[in-house]
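This report concerns only the one structure given below.
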Amino acid sequence: MARRSSRSRTRRRNRGRFGPLFKLLCVIAVAVALTVGATVFFRVETISVSGNQRYTQEDIIAASGIELGDNLYALNKVRIGRSIRTLLPYIGELSINRALPSTIVIHVTEWEAVARLAVPEADRAAAVQEELAGGREGAEPAVLAQEPWLISVKGKLLEPATADSGAIPVTGLTPIAPEAGSMLAVPESEETRLSALLALLEALERAELFSQVTSVQLESTQLTVRYLDRFNVRMALNADFDYDLRLMQAVRTEMEARENPDIRGSIDLTQKGKDAVFSPEE
């Protein structure tokens, strides 16, 4: 009786000793089965593209690098998105999703060209070259823009501008090594201007005023917006552009009602302690 009890205890100890190992082997076996199943069964058979207008479905699929037969779960969505945005500059936001068992769904949003960067003047280009050289003799000159460039509202370089482009002309920036699909880069001395331009463009988009602005001139401490081709509106580079644009429209409405509907002049929104100063055109 004592021997049977001892053998029972031994078997229980053995089961207790190998129990965790058995569970681990089961988990590994399940994981291997799932991996093999995903590799064998979940293959790309269909690629669906939506939201595109400028680019064809074939353009986007080619830029993605996805091929029929690829494993759905082995696709690197971050790499695919980066490739599409780089090769197709007008692509802005995009999403990549799996639709089991065999479909990849790509939805894109395309940027609009909202601003046209002018070629920097010769003296400004020379000053930028000197700034980038940093006093080093024999330094390789930087590649600066030699033609106007179109950018999106977020500052992405889209393509060189054509003569018939309807984007807002912008002066006062010096693009460094411009390349379609990359973000606009400028010398350190112009970074404040660039930040102001991007903030202004986003505010213009929210206010739906792109069609009413005919140029933007950036300077060291302020910028000038040409509004309705009748008003030169000065704003500080660090302005609250949403507020300034509302004030600009209010001043225009008031002066048209007070004087005449075709009044022209300048609106200064940079004066401390004053909301706006209007000066009629002489």
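Values in this text are rule-based calculations from the coordinates and carry no lab data. Because the structure is predicted, anything quoted here is derived from the model rather than measured. Here the Cβ is made from the backbone with ideal geometry for all residues, glycine too, and neighbour counts use every protein chain on show.
Test of understanding: extend the Cα→C-beta vector of Ala236 to 7 Å, then name every residue of the range 182-225 with backbone N under 11 Å from that spot. Answer for this model: 222.
Bridge orientation summary for the range 115-280: considering DSSP beta bridges with both residues in this region, about 70 percent are antiparallel. Put a dot 7 Å past the Cα of Val277, heading toward its Cβ, do the same for Thr86, and the two dots end up 5.0 nm apart. Within straight-line reach of Lys156, meaning a Cα separation under 19 Å, sit the following aspartates and glutamates at least 8 residues removed in sequence or on another chain: Glu93, Glu110, Glu112, Glu147, Glu179, Glu188, Glu190, Glu191, Glu202, Glu205. As a rough guide to protection, the peptides 205-211, 264-270 ranked by mean Cβ packing within 10 Å, highest first, stand as 264-270, 205-211.
Tell me the mean residue ellipticity at 222 nm calculated for the chain from its helices only (DSSP H runs of n ≥ 4, each -39500 (n - 2.57), averaged over every residue, nearest 500).
Numbers: 6 runs with 106 residues, N = 282.
Per the formula, -12500 deg cm²/dmol.
Dividing the alpha-carbon radius of gyration of the chain by the rule-of-thumb value 2.2 N^0.38 Å gives 1.64. For the range 115-280, the ratio of Cα radius of gyration to the globular rule of thumb 2.2 N^0.38 Å stands at 1.13. Return the FRET efficiency for the residue pair Glu131, Ala99: r is the Cβ-Cβ distance, R0 is 35 Å, and the value is rounded to the nearest 0.05. For R0 = 35 Å, the calculated efficiency reads 0.10.
Provide the convex hull volume over Cα atoms per residue for the range 46-110, in Å³. Walk me through the numbers on the way to the answer.
Values: hull volume 4.5 nm³, N = 65.
Spelled out: Cα convex hull of the range 46-110, divided by residues, is 69 Å³.
Estimated from the Cβ-Cβ distance and a Förster radius of 45 angstrom, the FRET efficiency linking Lys77 and Gln217 is about 0.65.
Extension gain, Leu228 to Tyr243, is 3.6 nm, computed as 0.36 nm per intervening residue step minus the present C-alpha separation.
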